[in-house]
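Coordinate-derived values only; no laboratory data. Quick caveat, the model's predicted, so the values are computed rather than measured. Cβ sites come from the backbone with ideal geometry, for glycine too, and all protein chains shown count toward neighbours.
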Amino acid sequence: MPAELYDREVTCDLLVVGSEGAGGPTAIFAARSGANVLIISKGKISSCGASQMAGADFNLDGENALKIGLPGDDRDSPDRFFEDLVREGFYLSNQKIVEKYVEYAAKNTKDLLDWGMPVYRFEQVHAEEMARGLISSGVKWVRAIRRQVRELDIPMLEDTMVVDLLTRDGRVIGAVALDLKTGEIILIMAKAVVLCTGGWQYAYHFNTASIDLTGDGQAMAFRAGAELLGMEMVQYAPLTMLWPPIARKSIIPYILCETEAGPLIQLLNSEGERFMEKYDPNTMEQSTKEIVAIGTELEVVAGRGSPHGGAFFALKHLTPDGVDFIWSKYKEFLDENKDNRPEFRTLLPYLFERSKTEDLEVGNAAHFMPGGIKVNELTETSIPGLYAAGECSGGLWGSVRVASACTQVSAQGRIAGEVCPGYMKEVEHQGPDLSKLEEIHERITKPLKSKEGVSPFDLLKRMHAITEEHLKVIKDGPGLEKAYRELSRMRREEAPRLYVSASKTKTLNYEWELCLELQNMLLCLEMYSQGCLTREESRGVHYRSDFPHTDNDNWCVNTVFSNQDGDPILSTEDPVVTKVQPPKGKMSFNQAVESATASLKRRGVE
Amino acid sequence: MGENTIKVKCLRYDPAVDKKPHYKKYKVPMQEDDMSVHDCLEYIRSNLDPSLAYFINCRHGFCLRCSLRVNGKVVLACETKVEDDMTLEPVNMDTIIRDLWCEST
């Protein structure tokens with residue numbers, strides 16, 4: 001094999017791409033069954049991706065909670081939890097995956113407790129009628145995983161980006177990665193690969209995530225021929241800090257909305273009106289994320305937004321010593337749980353202090369991707385040897401995530417780790433297809449070799465501008481059409497011409513990394529705009545002003561994206577149903593939300 | 001300096017091409033409210049000098065990898081406010097991999 005196509009070669013049974021909430025359990029369970037596992041992480045374990053930043057809440061039905069000694073509610077049951085998830089997801093979920101989620105929610109809670117993750121509280125989260133949420137900290141969660149990974153001595157390549165998968169005879173046989181610290185290309189031969197790469201939030205100008213979430217898993221799976229599902233579903237977090245810049249992208253205002261007594265925060269428009277009165281007078285700022293996001297955006301569109309394009313987040317009504325009192329209560333809670341996360345210890349008091357005299361700004365940020373690589377309940381994709389777990393996968397949530405993502409990634413990670421070893425016993429290692437390897441090598445090295453082309457920072461700005469102009473919460477046909485055409489053109493014509501414009505040094509060359517990431521983000525955004533344009537209705541997180549009804553007669557179906565000569569082709573398929581039949585008929589968006597969330601604890605109504 | 005820009009002096013060192021570390025100066029527009037050292041580095045890399053190597057990830061103190069020295073003091077870039085005439089250096093000058101990245105990053 002020509003050595004110039006790679007610098008190093010590694011062989012393992014199972015390659016796990018990602019080291020956090022999903023990748024950790026995958027690797028841990030596979031390693032426990034004796035598999036030779038390798039983890040590759042684009043960052044460092046417990047310091048990258050979305051898991052570290054989680055609040056964090058985990059879900060567990062009341063019946064199973066009681067079994068492990070948590071204060072669960074005996075009115076609750078796995079069946080009830082299942083039905084809530086399907087209904088609140090507007091019936092697009094793969095119900096077999098939801099069943100597994102509920103089953104493994106119980107198992108993985110026990111895992112995490114065994115691994116030493118502390119529990120702060122067991123309470124209502126996601127507005128459930130009864131306590132189903134275990135509250136901890138994302139940082140403590142990922143550190144508990146890290147301890148297990150180290151204890152099992154699982155080999156890891158950190159600061160290393162997996163760029164593409166290798167396939168042969170229709171199955172995945174390995175991958176090619178770039179060591180970001182040295183610029184070396186690594187050939188990894190594996191019997192199976194599990195993608196645990198998270199979302200693609202960085203494709204959006206305004207997002208809540210770390211900058212490493214660039215759709216690498218979704219894009220490499222697509223390039224390898226796997227199908228993707230529900231890519232038009234992107235969940236926005238309203239109440240994300242927009243201003244001042246030092247607080248930008250933080251979702252810490254949420255904790256001020258989650259109180260039993262009602263929201264502490266008031267969301268105001270530029271005229272000082274508490275505008276949620278118009279959109280959901282019963283629950284106000286505690287309405288669903290989707291309704292708050294739409295309300296905020298309607299105010300901005302009507303010219304009543306804040307200076308930086310959002311809404312004002314006001315605490316002045318509490319009075320200065322009232323604000324101090326609330327901070328003292330949070331501080332007690334943090335002290336009690338020995339929680340030293342800087343977002344809580346430094347940023348939160350800073351925001352409290354300023355809120356005494358000013359109204360700061362919040363807006364809608366891209367937060368979570370309910371869609372992704374199409375998998376079944378065993379995390380298997382449409383390609384043998386390729387698995388996907390966690391946020392990069394699609395099928396669990398339908399059209400909106402209504403429960404814990406931490407539980408999703410833990411559950412699916414464990415399932416992948418349990419399922420892969422069986423497959424790996426059946427297959428042998430295979431050598432790479434040389435022409436495929438050459439093609440990937442060329443794609444990686446071209447930006448570095450090229451003396452001219454498209455600047456990645458320039459393309460990033462133009463891509464982000466499209467998300468600000470056309471791909472916000474409220475979308476319409478003409479805007480989507482424009483976005484889709486432009487993103488598709490950028491992916492096909494500009495992405496192959498991306499080049500490293502400044503330093504050609506291979507070590508820690510972020511411009512080089514960004515060239516590769518942009519190809520992935522553009523592909524995800526293209527599918528997103530294509531899906532939004534095709535789905536002529538509104539459902540869950542998907543809202544179109546020109547089709548504001550939820551259309552169960554025509555659109556209670558999932559979008560599926562398949563690779564035809566490199567381009568995404570869209571088709572639709574019915575959701576997998578086991579117990580809950582989707583309804584018929586058309587409803588206004590508000591009616592649909594009311595009906596899907598009817599059982600939720602609507603705090604404002606009480 | 002204009003009212004709305006700040007002066008930033010940043011240590012640069014690429015062992016592949018430089019004999020020794022040196023400093024490079026940048027003028028960065030100041031936002032009209034508190035911005036972080038991290039925002040400032042992001043501005044430099046996106047707009048002035050794509051070759052600058054530093055670490056950013058989560059922006060809000062979870063990953064703890066963006067530590068560097070501002071005017072000699074070790075801080076997290078994401079939670080530290082910018083100031084005029086600031087000097088940015090890696091935490092450990094003896095283990096620089098490139099620019100503001102050192103072995104401990």
In nanometres, what is the gap between the two model label sites at A:Asn36 and A:Ser562, each 7 Å from Cα along Cα-to-Cβ?
3.6
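Which three semi-axes in whole Å describe the equivalent ellipsoid of the protein assembly as shown, each the square root of 5 times a Cα gyration tensor eigenvalue, listed largest first? Can you show the working numbers first?
On the way: eigenvalues 246, 210, 131 Å².
For the protein assembly as shown, the semi-axes come out at 35, 32, 26 Å.
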Within the under-9-Å Cβ sphere about A:Met241, not counting A:Met241, Lys/Arg +1 and Asp/Glu -1 give a net charge of +1
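Past 20 Å, Cα to Cα, is the threshold; run A:Lys451/B:Lys7; A:Lys249/A:Lys472; A:Lys110/A:Lys329; A:Lys191/A:Lys425 against it and keep the listed order. Kindly include the intermediate steps, with their values, before the conclusion.
Numbers: A:Lys451/B:Lys7 31 Å; A:Lys249/A:Lys472 15 Å; A:Lys110/A:Lys329 30 Å; A:Lys191/A:Lys425 9 Å.
Pairs exceeding 20 Å: A:Lys451/B:Lys7; A:Lys110/A:Lys329.
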Ranked list, fewest to most other Cβ atoms within 10 Å of each Cβ, for B:Ile44, A:Ile326, A:Ile415:
A:Ile326, B:Ile44, A:Ile415
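Sorted by average packing, counted as other Cβ atoms within 10 angstrom per residue and highest first, what order do A:474-484, A:49-59, A:219-229, A:396-406 take?
Numbers: A:474-484: 18.0, A:49-59: 26.2, A:219-229: 23.8, A:396-406: 27.8.
The densest-packed peptide leads the list: A:396-406, A:49-59, A:219-229, A:474-484.
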Those residues of the stretch A:512-552 whose amide nitrogen sits under 14 Å from the label point placed on A:Ser595, 7 Å along Cα→Cβ:
A:538-540, A:549-552
Between B:Asn47 and A:Lys586, what is the spin-label point distance in nm, taking each point 7 Å from the Cα along the Cα→C-beta axis?
4.7
Just tell me, in residue order, which DSSP H segments of chain A are both 30 angstrom or longer along the helix axis (alpha-carbon based) and at least -0.5 in mean Kyte-Doolittle hydropathy.
A:405-426, A:510-534
Please work out how much length the chain gains when fully extended from A:Lys107 to A:Asp153, using 0.36 nm per residue of separation minus the C-alpha to C-alpha distance, in nm with one decimal.
14.2 nm
Both in Å, the radius of gyration and Dmax of the C-alpha trace of the stretch A:226-367 are 15.7, 57
Distance between modelled label sites at B:Lys24 and A:Lys482, nm, 7 Å Cα→Cβ extension
3.6
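With a Förster radius of 22 Å, plug the Cβ-Cβ distance of A:Glu439 and A:Asp7 into 1/(1 + (r/R0)^6) and report the FRET value to the nearest 0.05.
Numbers: r = 17 Å, r/R0 = 0.79.
Calculated value: 0.80.
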Before anything else, pin down the relative contact order of chain A: Cα pairs under 8 Å, at least 6 apart, normalised by residue count, whole percent.
21
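Applying 1/(1 + (r/R0)^6) with R0 = 22 Å to the Cβ-Cβ distance of A:Arg75 and A:Thr578, what FRET efficiency is obtained, to the nearest 0.05?
On the way: r = 23 Å, r/R0 = 1.04.
Efficiency for this residue pair is about 0.45.
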For peptide A:340-348, how many partner chain Cβ atoms fall within 10 Å of a residue's Cβ, on average?
4
Residue-count net charge about A:Lys461 - beta-carbon cut-off 13 Å; Lys, Arg +1, Asp, Glu -1
-3
Run lengths n ≥ 4 of DSSP H only: what is the helix-derived mean residue ellipticity at 222 nm for chain A, with -39500 (n - 2.57) per run over all residues, to the nearest 500?
-11000 deg cm²/dmol
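Run the numbers for A:Ser328 and A:Leu448: contour at 0.36 nm per residue of separation, minus the present Cα-Cα distance, in nm. Can you show the working numbers first?
Numbers: separation 120, 0.36 × 120 = 43.20 nm, distance 5.28 nm.
Answer, rounded to one decimal: 37.9 nm.
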For the stretch A:501-564, taking Cα atoms only, what is the radius of gyration to one decimal and the Dmax to the nearest whole Å?
18.2, 56
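Where does chain B land at 222 nm, in deg cm²/dmol rounded to the nearest 500, when only DSSP H runs of n ≥ 4 count, each adding -39500 (n - 2.57), divided by all residues?
On the way: 1 runs with 7 residues, N = 105.
It lands at -1500 deg cm²/dmol.
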So which residue, out of B:Asp33, B:Asp85, B:Asp14, gets the largest mean-square fluctuation from a GNM of chain B using Cα contacts under 10 Å as springs?
B:Asp33
Apply 1/(1 + (r/R0)^6) to the Cβ-Cβ distance of B:Lys9 and A:Asn282, taking R0 = 51 Å, and write down the FRET efficiency to the nearest 0.05.
0.40
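Using a 10 Å cut-off on Cβ atoms, rank the peptides A:422-435, A:202-215 from the highest mean neighbour count down.
Working: A:422-435: 13.1, A:202-215: 24.5.
The peptides rank, most packed first, as A:202-215, A:422-435.
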Looking only at the stretch A:1-36, which residues have a backbone nitrogen under 13 Å from a spot 7 Å from the Cα of A:His429 in the C-beta direction?
A:9-15, A:36
Any idea which of A:Pro478, A:Trp115, A:Tyr101 is furthest toward the positive side of the dipole for chain A, if Lys and Arg beta-carbons carry +1 and Asp and Glu beta-carbons -1?
A:Trp115
Roughly how far apart, in whole Å, are the Cα centres of the stretch A:546-561 and the stretch B:89-103?
53
Whichever lysines have a C-alpha closer than 17 Å to that of A:Lys374, once near sequence neighbours (fewer than 8 apart) are set aside:
A:Lys96, A:Lys100
Can you give me the relative contact order of the stretch A:235-366 as a percent, contacts being Cα pairs under 8 Å and 6 or more apart?
36
